Every structure is written in C-alpha cells, then in structure tokens.
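Contents: one structure, followed by commentary.
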Amino acid sequence: MKFGRAREARRGRIEIIPMIDVMFFLLVTFMLASLSMQSLHSVPVDLPSGEAVSLDARQPVTMAITGDGQLYLDSTAVSLDTLAETLKSMLAAPDADVVVAADQAAPAGLVVQAMIQGRRAGVEHFLIAVKRE
C-alpha cells in the first residue's frame, strides 16, 4: 500500500498582473509627488516704482483674406495695391511675423499675391492660421 504525500509539492507562481498594477500605482504616486514639489510661481517681491520702457510683446500682424476676396490687415481693409505700404507701416520690427488667415473659399492666387506683397514689405516669415479639429 502506497501512501502519498499529504500535500503535493507545487511550484510557486509569480502573478504578473498585480505586480503591473502596483508599478503603475507607484509611478503615478511619484509623478504627482514630484509635481507638487516644484514651485511653479516665483517668489513674491514688492517691486520698486519707477519709469521704464515697456517691452515689446511681438504681437504678429494678421492678414485676413475673406472668401469674396477682401483683404484686411488687423481689421483694416486694404487693397492688393496698398497692401505693401500699409503692412510696412504696421510692422514693429523687420523680423516680425505675419499670420495669414485665409478663408477656405478664398482664391489661392489672391493669397499668393498677398504674400508676395508682404515679401515686398519686408516680411520674412508667414504663419498660416488653421482651425483645430
């Protein structure tokens, strides 16, 4: 008569799913702890009063072209012939950017001609405005 062991020798298993859960919990905990340790604001100080030249915020000029072919520079209506002179007077710096906001129905040739006139005014960089989806 054979007597077997009361308990069979079983190999232990390492469950990976709970370990992944614990690792993600620790990752999130350390990320939140490190973000709370950062000082996102500077030290508050009481600044002295005085006169100083204000800094230029470099707001770009917006060139809007509507679907029916109208041109606007910062809500000022211009024609294609007067675009270069008007734009040159509006530019604060020679390396200023111009945002081109063209309607989808605007003629592509008019958009290109307006950008050529902007080049004549001294604009080096054009930014194309798009709508986020």
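Each value in this text was obtained by applying a stated rule to the coordinates, not by laboratory testing. Keep in mind it's a predicted model, so treat the numbers as computed, not measured. Backbone-built Cβ (ideal geometry, glycine too); neighbour counts: all protein chains shown.
On the basis of the beta-carbon distance and an R0 of 35 Å, L110 and Q59 show a calculated FRET efficiency of 0.90. Here region 69-128 is treated as an ellipsoid with the same Cα gyration tensor; its semi-axes, largest first and in whole Å, are 18, 12, 10. Between L27 and V130, the C-beta separation translates, for a Förster distance of 30 Å, into a calculated FRET efficiency of about 0.25.
Amide H contacts of L127 (H built 1.01 Å from N, in plane; Pro and chain starts excluded): V98, V99, V100 sit under 5 Å, all sequence-distant by 5 or more or on other chains. Sequentially through region 18-30, phi angles give Karplus couplings (6.51, -1.76, 1.60; θ = phi - 60°) of x, 5, 5, 4, 5, 5, 5, 4, 5, 4, 5, 4, 5 Hz, Gly and Pro residues having no value and appearing as x.
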